[in-house]
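No value in this document is a laboratory result; all are computed from the given coordinates. This one's a predicted model, so the numbers in the text were calculated from it and none came from an experiment. Here the Cβ positions follow ideal geometry from the backbone for every residue, glycine too, while neighbour counts run over all protein chains shown.
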6 protein chains.
Amino acid sequence: METKEDYLPSLITNTPFEGRQLAITLARKSVGAIQPDAEIKKKLRPIYAEDPISLIASAQVIATEFQTIAAANNYWKK
Amino acid sequence: METKEDYLPSLITNTPFEGRQLAITLARKSVGAIQPDAEIKKKLRPIYAEDPISLIASAQVIATEFQTIAAANNYWKK
Amino acid sequence: METKEDYLPSLITNTPFEGRQLAITLARKSVGAIQPDAEIKKKLRPIYAEDPISLIASAQVIATEFQTIAAANNYWKK
Amino acid sequence: METKEDYLPSLITNTPFEGRQLAITLARKSVGAIQPDAEIKKKLRPIYAEDPISLIASAQVIATEFQTIAAANNYWKK
Amino acid sequence: METKEDYLPSLITNTPFEGRQLAITLARKSVGAIQPDAEIKKKLRPIYAEDPISLIASAQVIATEFQTIAAANNYWKK
Amino acid sequence: METKEDYLPSLITNTPFEGRQLAITLARKSVGAIQPDAEIKKKLRPIYAEDPISLIASAQVIATEFQTIAAANNYWKK
């Protein structure tokens, strides 16, 4: 009876670059889980997107999510 | 004689998405362990949910919890 | 001649939930190692327990300690 | 039909130093994913490049990205 | 011709508790590497020891160092 | 045609202590990659070296870099 969108059917991606895109998606979905209001998120976006600390902290989240995704994909080694 | 709710019977989930949900639960339970007062938590919620840095820092906690859950589930590889 | 309390006889716990409790203990003991004065800790507690950033940062410490504990317990897999 | 530049064809590099360069690239690309506007990024650069906290937080992102890259390369062991 | 004190002859400790003590030592030595002036460190100590964010951030460093030490000791499993 | 100094020929060090020194070097080189201006770095140094949060955040970077180096060296186990 789960009605939330399943944004993560799998951690497996075809390429490292797709893994990066997934990491960005996960970071965004986490923010959306805490602040689901689309209007508020829209209002906050220009604030954090022009604040260096917010940008760098976001990059930290992406780096952490990517660690998980990269390990799941065994670093896309052939 | 442990009377606290066991919110973590297992780290194993059926899907990656359920793993994300568990990661969010763990992050919330940690905050509740430090600040158990429901009234105060309710008061703080609109503050951090509209503060970019708080939102991004929360996403960082979720990413870290998810690392553990994903490893526990061997990344849900078949 | 170590006189400090050994608050960590083992990283092994019976359940994931006990692992969470241990993670919280470790986080608290670290703060106590830097600020051992009980009076000051008591004074600081209401401050950080009502500050969203402090709460989230504390949850980050717990998540990190739990990573170690979960790995030590091989994620409590049977 | 992906039109974004694939800045990460592989996590494998010839040397540890090249791995560091890749880690810096990944950190920068994450910031660019959240703030794609070249003008704004240019405006922010002198701000964070002279702010100690921003510099150290950026180094933290690089360290995290490098962890992933180093593991992918099995630490460049012969 | 290294004249600096070797504060880390080994990552191996007899017990998890000794591992915690080592983690605290490593965190302190890092601060000392960046700010070696004993007078300044003494001046800063009461400031960060009464600042919740500084205390929690210090606990985060200790948690991270402990991850490394615990892995090195294979989590002190018999 | 890489003209930048290769400050990381290898992650392998003889001892854990040398590993710590390398971790500090990596943290400093990351800051230098973002802010290469020697004059500005010199100007910032006394600021962050007397700011508790900056010092602790720097220690966090060192701890993270050391995790990678320690794993690369298999924790210097004989």
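Measuring max minus min along each principal axis, the C-alpha atoms of chain B give extents of 43, 39, 14 Å (largest first).
The label point for D:GLU50 and the one for F:GLN21, both projected 7 Å from the Cα toward the Cβ, are 3.5 nm apart. Beyond 32 Å in Cα-Cα separation lie the following of the pairs E:LYS43/F:LYS4; A:LYS29/D:LYS4; A:LYS43/B:LYS43; A:LYS43/D:LYS42: E:LYS43/F:LYS4. The GNM of chain C, with springs linking C-alpha atoms under 10 angstrom apart, assigns the highest mean-square fluctuation among C:GLN21, C:GLN60, C:GLN35 to C:GLN35. Computed over chain C, relative contact order equals 51 percent, with contacts defined as Cα pairs under 8 Å that lie 6+ residues apart.
Check each of the chymotrypsin sites (Phe, Trp or Tyr not before Pro) in the range F:4-78 and keep only those in coil by DSSP with at most 16 other C-beta atoms within 10 angstrom; list them in order. When the chymotrypsin sites (Phe, Trp or Tyr not before Pro) of the range F:4-78 are filtered for loop state and at most 16 Cβ neighbours within 10 Å, F:TYR7 remain. The Rg/Rh ratio for the range F:37-78, using Cα coordinates for both the radius of gyration and the Kirkwood hydrodynamic radius, is 1.21. The loop-placed GluC sites (Glu not before Pro) in the range A:1-67, going by DSSP, that have at most 13 neighbouring Cβ atoms within 10 Å of their Cβ come out as A:GLU2, A:GLU5. Summarise the long-distance tail of P(r) for the protein assembly as shown by giving the % of C-alpha pairs beyond 41 Å. That tail contains 12 percent of the Cα-Cα pairs.
Farthest towards the positive end of the charge dipole of chain B, among the residues B:SER54, B:ASN14, B:ILE69, is the Cα of B:ASN14, using unit charges on the Cβ of Lys, Arg, Asp and Glu.
Taking the range B:1-36 and a reference point 7 angstrom along Cα→Cβ of A:LYS41, no backbone N atom is nearer than 11 Å. Computed from backbone phi with θ = phi - 60° and the Karplus coefficients 6.51, -1.76 and 1.60, the 3J(HN,Hα) list for the range C:20-26 is 4, 4, 5, 4, 5, 4, 4 Hz; x is used for glycine and proline.
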